[in-house]
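Let me begin by presenting the structure, written as structure tokens, before commenting on it.
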Amino acid sequence: MLKKISINLTFYIAIILVIFFKVYDIYFYFFIFVFLHELAHIFMAKKFNLGIRKIVVTALGQMAVIDNIERLELYKKLLVVSIGVVLNIFLAFIFGIFTNEKMQLIKNINLSIAFFNCLPIFPLDGGRFFCYILGSRIGDLKASIVTKRISLFLSFSMFLLGFIQIVLYPYNITLLCLSLYFIKVNKSEYIYQFYKAIVNKQQYEKNKILKVKHILVDKDYKNKDIILLVSSDYYLIINISINGNIYFTINEKVFLNYIQKYGVNGTIYDIVEITKDDGGTL
């Protein structure tokens, strides 16, 4: 297990800030309940026979990197990413029964962890939850792009609130640090999520029954628009139309093989031409 644990630079920065501002109790409890939050994710992932690639320790606590979650059915993916929030809400309710100051602090910490993880921001649980649901409707890449835009909007809003927080509560830079972390992560997260989903689907498609989605497009339809419809939750069949009649049919595997070889430029008819020349395969 020790080989699977890595410590991010932000954790060391957080420790320095904790020592400087002397908020030992708050950060200790925060770290403990984020740990329990991640254990809930790991427990649910193991229930669905998923592996844990590694655990990353960051300023926000621990983060479990779960292997092959994209191969699960949608409701199972949602269970894995939401179970941590459910646990924090449950713990907040339990500790909220007690009236002493320390128990109320722990209750508020759990509510804070649950609240932040409900936000549709990568890499929080809410961002993944939102992206999985949207991806099942409009395709993984398009969903990832939409989630990234929402993530950045909320992160920049949090950044502005961070400045207000500094004015009202001098030396409290919590929101400012969180927003900068989210902005940094979101630069590459959405591309990573999309390609991870596609690679996992190609790896497991022989062992999993996938729903099929048919689309009908004109021969001049651009490949970069079609790739937005690719999702890990269904297998795409592309019917190409000329003058209102279906002229040719391409499956998702042929389409993605073309994209990997030649890029996303061009139209679907370019793929038809090459596929016909190759005898129906790429």
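Every number in this text was worked out from the coordinates using simple rules, so none of it is lab data. Note that the structure is a prediction, hence the values are computed from the model and not measured. Virtual Cβ from ideal backbone geometry, glycine too; neighbours counted across all protein chains shown.
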key: Rounded, prolate or oblate (a/c below 1.5 giving rounded, otherwise prolate when a/b exceeds b/c) for the range 222-282 by Cα gyration tensor   = rounded
remark   = One quarter of the C-alpha convex hull surface, i.e. the mean projected area of the range 21-70 in nm², amounts to 3.6 nm²
key: Helix 174-185 vs. the chain, principal-axis angle (Cα, 0 to 90°, nearest 10)   = 20 degrees
Charge dipole (debye, nearest 20) of the range 209-277; +1 at Cβ of Lys and Arg, -1 at Cβ of Asp and Glu = 160 debye
Crossing angle, helix 74-96 versus the chain [Cα axis fit, 0-90 degrees, rounded to tens] = 10 degrees
Relative contact order of the chain, defined on C-alpha pairs under 8 angstrom at six or more residues apart (%) = 13 percent
request  = Within 10 Å, count the other beta carbons around each residue, average over each peptide in 143-156, 258-271, and list them highest first.
outcome  = 143-156, 258-271
ask   = Which ³J(HN,Hα) values, rounded to whole Hz and listed in residue order, are derived for the range 13-25 from phi using the Karplus coefficients 6.51, -1.76 and 1.60 in 6.51 cos²θ - 1.76 cosθ + 1.60 with θ = phi - 60°, glycine and proline given as x?
value = 5, 4, 4, 4, 5, 4, 5, 5, 8, 6, 10, 4, 4
ask   = Which far-off residues, 5 or more places away or on another chain, put their amide H under 5 Å from the one on residue 230, with H placed in the peptide plane?
value = 140, 141
query = With springs only between Cα atoms under 10 Å, which of 103, 158, 63 fluctuates most in a Gaussian network model of the chain?
reply = 103
request  = Taking amide H positions as placed in the peptide plane 1.01 Å from N, state which residues far from residue 247 in sequence (5 or more) or on other chains have amide H under 5 Å from it.
outcome  = 240, 241, 242
query = With axes computed from alpha carbons, what is the tilt in degrees of helix 125-138 against the longest principal axis of the chain, rounded to the nearest 10 within 0 to 90?
reply = 20 degrees
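Which of the residue pairs 148/253; 148/213; 76/142; 54/253; 54/184; 76/253 have a Cα-Cα distance greater than 28 Å in the structure shown? Each step should come with its number before you reach the end.
Numbers: 148/253 26 Å; 148/213 25 Å; 76/142 21 Å; 54/253 30 Å; 54/184 21 Å; 76/253 25 Å.
Going by Cα-Cα distance, 54/253 fall outside the 28 Å limit.
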request  = Mind ranking 31-43, 130-142, 240-252 by how tightly packed they are, going by the mean number of other C-beta atoms within 10 angstrom, highest first?
outcome  = 130-142, 31-43, 240-252
request  = Run the dipole for the chain about the Cα centre, Lys and Arg Cβ at +1, Asp and Glu Cβ at -1, nothing else charged, and hand back the magnitude in debye, nearest 20.
outcome  = 480 debye
